[in-house]
1. When you scan segment 259-330 for strands (runs of 3 or more DSSP E) that lie fully inside it, which ones turn up with 1 or more residues that are closer than 30 Å to MET248 by Cβ and without any contact (Cβ under 8 Å) to a residue 60 or more places away in the chain?
2. Quick check on my filter: what residues within segment 48-64 are touching a residue at least 60 places away in the same chain (Cβ under 8 Å) and part of a strand (DSSP E or B)?
3. Pairs needed: first member in segment 30-47, in a strand (DSSP E or B); second member anywhere, hydrophobic (A, V, I, L, M, F, W, C) and near the ligand (Cβ under 6 Å from one of its atoms); C-beta distance under 9 Å; at least 6 residues apart or different chains.
4. Where residues in segment 259-274 are farther than 21 Å from VAL320 by Cβ and open to solvent by less than 50 Å² (accessible area, probe 1.4 Å), which of them is modelled with the highest pLDDT?
5. Are any of the residues in segment 138-160 over 27 Å from ALA202 (Cα atoms) and at pLDDT 90 or above?
6. What are the residue pairs meeting all of these: first residue in segment 109-136, first residue on the phi < 0 side of the Ramachandran plot, second residue of a type outside the set (A, V, I, L, M, F, W, C) and part of a helix (DSSP H, G or I), Cβ atoms under 6 Å, and 6 or more apart or on different chains?
7. Just for segment 331-355: of the residues that are assigned to a strand (DSSP E or B) and more than 19 Å from LYS285 (Cα to Cα), which one is least open to solvent (accessible area, probe 1.4 Å)?
8. Name the pairs whose Cβ atoms lie under 9 Å apart, with the first residue in segment 65-90 and modelled with pLDDT of 90 or more, the second surrounded by fewer than 16 Cβ atoms within 10 Å (Cβ to Cβ) and among the basic types (Lys, Arg), and 6 or more positions between them or separate chains?
Amino acid sequence: MSVLLSINNVCKQFGQFRALHNINLDIRQGEFIVLLGPSGCGKTTLLRLIAGFLQPDTGNILIEGQDISHLPPYRRPLNTVFQNYALFPHMSVLDNVAYGPRRNGFNRTDAHEQARQVLDLVGLKEFESRFPHDISGGQQQRVALARAIVNRPKLLLLDEPLSALDMRLRKRMQLELKHLQEKLGIAFVFVTHDQEEAMTLADRIVVMNAGRIEQEGSSNDIYRTPSSSFVAEFIGETNQIGYQVTGMNEIRLTINEQPIFWESHRISQQGVAILRPEHLQLVNKNNPIPAGHCQLHGTVSDIIALGSHSLVHLLVGEHVIVFRSTGFEGTELATGSLVCLSFNPTHLHLLGEAA
Ligand code: ATP
């Protein structure tokens, strides 16, 4: 797919405060990009720069090769869906959606025809004569979407559009949005601080931290090979364990004495290894330690029951190691239980290791 949007060396400062440091990002046609990061990391600022509500201090933004950095928002071939939907309260659902085509010079009949087509697409055909205050939050959200896509923009920007919805509706809307985006083929840039939402929606996640892009990649890439401690902590549960190189092709973790074969030479003498909780297994007489796996012993300090599974905290020396238990491993777990875990060392991901 060819590049639709290019953000090149963009910096943005508010007074003395640097909100964005040298951002470089390409977005391809039809791609679903999620900007993910904690509050204040600069996601909305980046979205507002793309939309044209803010101007970059340095750098430029191109759409299909054309520099749009200094075009006003309404002249950019994109549209924005805001968190609060921003519907016109005094207009019917149909007129809200037809507003864009009317502004673009279509007569009332044609504008209504276009609006009805997209209302059908978002499943709101029967609601066209209602007013925003007579429909639910989820339906208002869909009207806002319909209004944003009726002019067939090349790019749709969405700033936490689902955050006002309850959890169940939010999950349903995530899938609807994903399917709609695939059907339309419009590139979406979606802002959220919710990692699960990001993983559900994105073709590519852009993880931001303190005004910088920390890492970009598919959900799986980012989960399996995070580039930093920050990314590893931000995406899912994780164990961060210190390691030291102890010999040729050999490392040792701070949580046990066992030497681990490590082929790569491109690692620093010491650093941090990432081990996800689901890669640790309980050892008992039904589950012996597989050949080549490492083991560690500890005392259960906490059990967090999450329904389908529990996250169990194990005190290994001074370290807390988290593992995932389904409750069917054949070991009764309680606070204070002494347990043995095993893991395959190939599941360790060493930060900073060159590929
Ligand atoms: P959230 O998830 O809370 O919306 P965000 O990642 O979208 O956060 P931004 O809204 O982009 O964060 O803000 C990034 C930083 O820039 C914040 O520290 C914010 O206070 C600051 N900032 C944003 N807009 C302005 C402004 N107009 N004037 C001064 N500082 C600003």
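The values are calculated or read from the model by the stated rules, or taken from the named source; none is laboratory data. None of these values were measured; they are calculated from a predicted model. When we count neighbours, we look across all protein chains shown, and the Cβ atoms used for this are built from the backbone with ideal geometry, even at glycine. Accessible surface areas use protein heavy atoms only, side chains included; no ligands, DNA or RNA. Shrake-Rupley method; radii C 1.70, N 1.55, O 1.52, S 1.80 Å.
1. Result: 259-261, 270-275, 280-283, 294-305.
2. Scanning segment 48-64 gives a single hit, ILE63.
3. Partner pairs satisfying both residue conditions: LEU35/CYS41.
4. Only one residue fits best here, namely TRP262.
5. no
6. From residues that are on the phi < 0 side of the Ramachandran plot, the pairs are ALA111/PRO101; ALA111/ARG102; GLN114/PRO101; LEU119/LYS125; VAL122/ARG142; LEU124/ARG142; PRO132/GLN140.
7. Top of the filtered list is LEU350.
8. These pairs meet every condition: ILE68/ARG75.
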